[in-house]
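Report on the following structure.
Taken together, the values in this text are just the output of simple stated rules run on the coordinates, not laboratory data. This is a predicted model, so every value here is computed, not measured. Cβ placement follows ideal geometry from the backbone for every residue including glycine, while neighbour counts extend to all protein chains displayed.
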C-alpha cells in the first residue's frame, strides 16, 4: 500500500510540474492585436520583446538569427507518458508565440498559435 501511495505522490508531482509557462505569463492572454502592437516587423528589438513578454525559450542559429518561443501549456513529452496522456495532452496548450530575430536583433517574423 505504501508503494502505491508513493507512486501516486510521484505521479501528482510530475503532473503538477508538467505545466510549463515561458515568459512573464503575458503570452497566455496576448491577443493578435496586442502582438501586432508589440511586435513591429523591422523595428522591434530583442530588448523590447524581452521587456514586454519576459524570457523565452531561445534557439540560436549559426546564421546569427534567433527564434524565441513563448508558450503556456503542457509540454509534448507528456503525450508519451503512459496514463498521464489520458489526463493531460500537449494539445491542451493555450497559446504559443514564436518570434524570429535577425542578426541585428530586430523582429523579422512572428507567429501566434491559439488553441
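By the beta-carbon count within 10 Å of each Cβ, the least crowded to most crowded order of 39, 97, fewest first, is 39, 97. Spin-label pair residue 41-residue 100: with each label point 7 Å from Cα along the Cα-Cβ axis, the two points sit 1.0 nm from one another.
For residue 109 and residue 58, the difference between the fully extended length at 0.36 nm per residue and the C-alpha to C-alpha distance is 16.9 nm.
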